[in-house]
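The values are calculated or read from the model by the stated rules, or taken from the named source; none is laboratory data. Owing to the predicted nature of the structure, the values given are computational and were not obtained by experimental measurement. Here Cβ is always computed from backbone atoms with ideal geometry, including for glycine, and neighbour counts include all displayed protein chains. Accessible surface areas use protein heavy atoms only, side chains included; no ligands, DNA or RNA. Shrake-Rupley method; radii C 1.70, N 1.55, O 1.52, S 1.80 Å.
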Amino acid sequence: MPTPTSIPVVDGLFDVQDGAPALVGAKCTACGTHYFPRRARCSNPACNGAEAAPVRLGPRGVLYSWSVQAYRPPPLFGMDPWAPYAIGLVDLPEGVRVMAMLTGAPPEAFQIGSPMQLRLEPLRVDADGREVLTWKFAPVAEHVA
Amino acid sequence: MRPVYVLGVGAHPWGKFPETPQVQLAAHALGAALRDAGLGWRDLGGLVAASSRFEGGLGWGLHANELLQSVAELGIPTLNVGGGCAAGGIAVHSTALMIASGQCEIAAAVGAERMPKGFIPRPPGTKDDPTDSDYLRWVAMGATNPVYWALEARRRMHEFGTTEETYAAASVLMHRNAVGNPLARYRAECTVAEVLASPVVASPLRLLELCAVSDGAAAVILGTESAARRLGVPLVRVAGYATATGSFGDPATRIPTISTNPVAGAPHTSEVATAARRAMAMAGLGPEDVDLVELADNSVWQVLAWPEMLGFCEPGQADWMLTHGEFDLDGEMPVNPSGGFLSFGEATTAQGLLQVCELAWQLRGQATGRQVPGAKVGMSAILGLGANGASIVLQA
């Protein structure tokens, strides 16, 4: 993560503390609902617009669903080299269901219900030779067949 | 609030019409609806446009005032409503309110769309904004619209045991219905084997299980009971009309968001479920009274999930209903006799209006080639980007 040789794909969505990556979300100061990414206010109508404060999320979760994209998305997505890849929804213990690229297994090998672990991995290398990192989830090591 | 009736409906065929400006598509559809009603442009008392994100003069999408300035400078009030793909349903709702409130005797809703090719991209000119999830979903993970439906479809396979063959059968039904609909873009029948042989776009969904994008336009003219009787049109009442937005805790991961906060027991696709419930309540009807539904089948997943969400069958029962012919034209609960989005390709904002046109043709007995026998009550349900939902109930 943010080292001279790597940059995040977008600032402020994840960080690394003591070598451990986490997603950066928000938690409602009133009802405790967690959000990803960060946001200013809780949208639970019971909270009447209460503020939401930054919080770290994950890094473990459970795979809710997954798909493999077989066609290359529009150019804003800079994955290079491109190949069909998996996208999934991961339920985090804080109650947030997060969408992410999946890694650590062949694209069609994921299983709903598998324990998953957050990883920061490069999407591409930019013009200055830096790795552009995004967040992904991989099956927890002991569950890989 | 006084009762509201359908005076006329009309549409431009769906397809790709790069040489036809959006306003011309709109004028074609509204002109057809006016002829259907036996009216002229000068008879309109108000006009509502379902405004596109993708095209339109002055950078604000299709506007009713622009259409009037090009065809008939009437000086009448206009409304221009957003709501993504639900805008067409929202426009019918707004038009019904213009009649019901006493503001207008006759008013129309119109939607026209020319779509960019391929995966629906961000609207032209959008800035790279890290607080905009439509930026994040592209830049961070390249999540196309089909992958959102694919994630739902895979989950349904896990929860209810839905098979790839059943998804394919949903596509087969939509395409079979469209054989009889001259407005549809894809009118060839297909088989389960052909659907399964079409390329996977976002597993488990294949090309023939996802709606394409098209150009198209549709219009609905509404009016008072006295206007309907004076014109001598078949009496079809707008018995229920409602819009809704998403509820907190809805488990659906909406395009283009990258997360959700599911709350146990919260309804899925709540913007549509709520709109449909409100429209039914207004009509004083229940799901058992509905003879046909036109729903937004962006993919085959909706063909199975939405009849359950709308209360036409129990969760997990739609697979049986589909494979036993109960969603067919002569089944217990006909789904998308028009052929649906899968046969039309989505012309986003026009789609909600086309649904209401189809309901009217069905209830009048004019849906030649795809008629639901004895249809008296029809319901539309549509979802729009940004947690917008709309539902219209027509009754003959």
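Below is a table of values for the structure above.
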| read-out | value |
| --- | --- |
| Breaking point among (1) over 26 Å from B:ALA11 (Cα atoms); (2) assigned to a helix (DSSP H, G or I); (3) under 20 Å from the mean Cα position of the chain (by Cα), for B:THR253 | (2) |
| Residue count, region A:72-110 (criterion: among the hydrophobic types (A, V, I, L, M, F, W, C) and closer than 19 Å to B:VAL200 by Cα) | 8 |
| Residues satisfying the stated conditions in region A:31-48, i.e. of a type outside the set (Ser, Thr, Tyr), open to solvent by less than 90 Å² (accessible area, probe 1.4 Å) and within 16 Å of the chain's Cα centre (by Cα) | A:HIS34, A:PHE36, A:PRO37 |
| Residues satisfying the stated conditions in region B:307-325, i.e. of a type outside the set (A, V, I, L, M, F, W, C) and surrounded by 14 or more Cβ atoms within 10 Å (Cβ to Cβ) | B:PRO307, B:GLU308, B:GLY311, B:GLY316, B:GLN317, B:ASP319, B:THR323 |
| Residue check for B:SER270: touching a Leu at 6+ places or on another chain (Cβ under 6 Å), touching a residue at least 24 places away in the same chain (Cβ under 8 Å), surrounded by 21 or more Cβ atoms within 10 Å (Cβ to Cβ) and within 14 Å of another protein chain (Cβ to nearest Cβ) | no |
| Matching residues in region A:62-84 - criterion: being open to solvent by 10 Å² or more (accessible area, probe 1.4 Å) and more than 7 Å from every other protein chain (Cβ to nearest Cβ) | A:VAL62, A:ARG72, A:PRO75, A:GLY78, A:ASP80, A:PRO81, A:TRP82, A:ALA83, A:PRO84 |
| Qualifying positions in region B:343-369 - open to solvent by less than 10 Å² (accessible area, probe 1.4 Å) and either touching a His at 6+ places or on another chain (Cβ under 9 Å) or not in a helix (DSSP H, G or I) (or both) | B:SER343, B:GLY345, B:GLU346, B:ALA347, B:ALA350, B:ALA367 |
| From the options B:ALA390, B:ALA381, residue that is touching a Leu at 6+ places or on another chain (Cβ under 6 Å), closer than 30 Å to B:ASP134 by Cα and touching a residue at least 24 places away in the same chain (Cβ under 8 Å) | B:ALA381 |
| Region A:115-141, subset within 12 Å of chain B (Cβ to nearest Cβ) and within 14 Å of A:ARG60 (Cβ to Cβ), residue surrounded by the fewest Cβ atoms within 10 Å (Cβ to Cβ) | A:LYS136 |
| Exclusive hit being touching a residue at least 40 places away in the same chain (Cβ under 8 Å) and either outside the structural domain of B:SER259 (by TED's automatic domain parsing) or within 21 Å of A:PRO107 (Cα to Cα) (or both), set B:ASN145, B:ASN177 | B:ASN145 |
| Test: residue in region B:128-142 that is in a loop (DSSP other than H, G, I, E, B), closer than 25 Å to B:ALA252 by Cβ and open to solvent by less than 10 Å² (accessible area, probe 1.4 Å) | yes |
| Filter result for the condition that a residue is under 22 Å from B:SER338 (Cβ atoms) and among the basic types (Lys, Arg), over B:ARG237, B:ARG230 | B:ARG237 |
| Helices (runs of 4 or more DSSP H) fully within region B:145-237 counting 2 or more residues that are within 14 Å of another protein chain (Cβ to nearest Cβ), under 30 Å from B:ARG122 (Cα atoms) and of a type in the set (Asp, Glu) | none |
